[in-house]
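Peer 1: Before I ask anything, here is the structure I am working with.
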Amino acid sequence: MQIPRNAFKKALAEGRPQIGLWSMLCSNIAAEIIATAGFDWVVLDTEHSPNELPMVLQQLQAMQIDANTATPVVRPAWNDPILIKRFLDIGAPNLILPFVQDENEAAAAVSATRYPPKGIRGVSMSQRANRYGLVADYHKHVEEELGVLVQVETLAAVNRIPAIAKQDGVDGIFIGPADLSADVGHLGNAAHPEAQAAIMKALELCKAAGKPAGILAPNEEDAKRYFDAGFTFVAVGVDQGLLTKATRDIVRRFRSHLEG
């Protein structure tokens, strides 16, 4: 048995645009549905949603990787080696590590995903990630198929992108638009010109460093604009937002029908 191929990591390395979705519903059923919708990647968020490890395990099982499913990307609540180890052991093929501020924190993130002597990941000989011991060469080759994304969320971190991008093992840099906007003084307003300037500065620094850049953009026009500007991986929606909108839209249509 072999380690599953990481189509998302390969696409990033080749510079192919990747359409994503952010998942915050903490549901294996929702994950199973959205995994086959046609997205290239889906973030299972545990930083800003009440999503815990056993629940993420069920979501990963529901999103069993094959030719018809999106590649999962798990976001731990923090750039913490214990959280990283646990999500890797249950088979997360990609991680996005929040609030990475400099090259040292980026290096620490990568180190937590590598076995000794390359890193500090604790060794288990039998867990879901290696199909309970059935992938004989897992420990030697896992890093070849493991995607590590670091999240830049402040202007100080943006300015350090050249150094962050140099860290071996960083496969992409995700720009956090909400926190970055807040950091430049425009909380809740990523459309503000100063916030947009910071986002575009981050993008240009990623391009110059040769690293794929990603962002979350639930607004369709924003998402298209970011793709056109050169972002490689863009999450074009959030599952709970889609559910919120769809349920309210259908109620509005029927209220209008009954009252009309």
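Laboratory data are not the source of any read-out in this text; all were calculated from the coordinates shown. In this text, all values refer to a predicted model and were calculated from it rather than measured experimentally. Heads up, the Cβs are rebuilt from the backbone with ideal geometry, glycines too, and the neighbour counts pull from every protein chain shown.
Peer 1: For K10, which aspartates and glutamates qualify as cross-link partners when the Cα separation must be under 18 Å and same-chain residues fewer than eight apart are set aside?
Peer 2: D40, D66, E143, E144, E145, D168, D171
Peer 1: Sticking to Cα atoms, compute the Rg of the stretch 151-260 to one decimal and its Dmax as the biggest Cα-Cα distance, whole number, in Å.
Peer 2: Over the stretch 151-260's Cα set, Rg and Dmax evaluate to 17.4, 62 Å.
Peer 1: Continuing with this model, one more query. Given the -39500 (n - 2.57) contribution per DSSP H run of 4+ residues, what per-residue ellipticity at 222 nm results for the chain, rounded to the nearest 500 deg cm²/dmol? Could the numbers behind the result be given before it?
Peer 2: On the way: 12 runs with 117 residues, N = 260.
Roughly -13000 deg cm²/dmol at 222 nm, from the helical runs in the chain.
Peer 1: With springs connecting C-alpha atoms under 10 Å apart, model the chain as a Gaussian network and identify which of R248, R131, R75 has the largest mean-square fluctuation.
Peer 2: Most flexible of the set in this elastic network: R248.
Peer 1: Kirkwood Rh over Cα pairs of the chain into Stokes-Einstein at 20 °C, 1.002 mPa s: D in µm²/s? Mind showing how you got there, number by number?
Peer 2: Values: Rh = 18.8 Å.
Value of D from the Cα-based Kirkwood radius: 114 µm²/s.
Peer 1: Something else now. Under unit Cβ charges (Lys, Arg +1; Asp, Glu -1), what dipole magnitude, rounded to 20 debye, does the chain have relative to its Cα centre?
Peer 2: That gives the chain a dipole magnitude of about 400 debye.
Peer 1: Sort the following peptides by mean Cβ neighbour count (other Cβ atoms within 10 Å, averaged over residues), highest first: 22-30, 173-181. It would help to have the intermediate numbers written out before the result.
Peer 2: Working: 22-30: 19.7, 173-181: 22.8.
Averaged packing, sorted descending, gives the order 173-181, 22-30.
Peer 1: Taking every Cα atom in the stretch 1-69, find the radius of gyration and the maximum pairwise distance Dmax, and write them in Å.
Peer 2: 12.4, 35
Peer 1: Taking the Cβ of each residue in Y226, Y115, Y132, Y138 as the centre, tally the other Cβ atoms inside 10 Å and list the residues starting with the fewest. Could the numbers behind the result be given before it?
Peer 2: Details: Y226 25, Y115 15, Y132 11, Y138 20.
Lowest count first: Y132, Y115, Y138, Y226.
Peer 1: Give the Cα extents of the stretch 10-150 along the principal axes, in whole Å, largest first.
Peer 2: The principal-axis extents, from largest down, are 40, 38, 33 Å.
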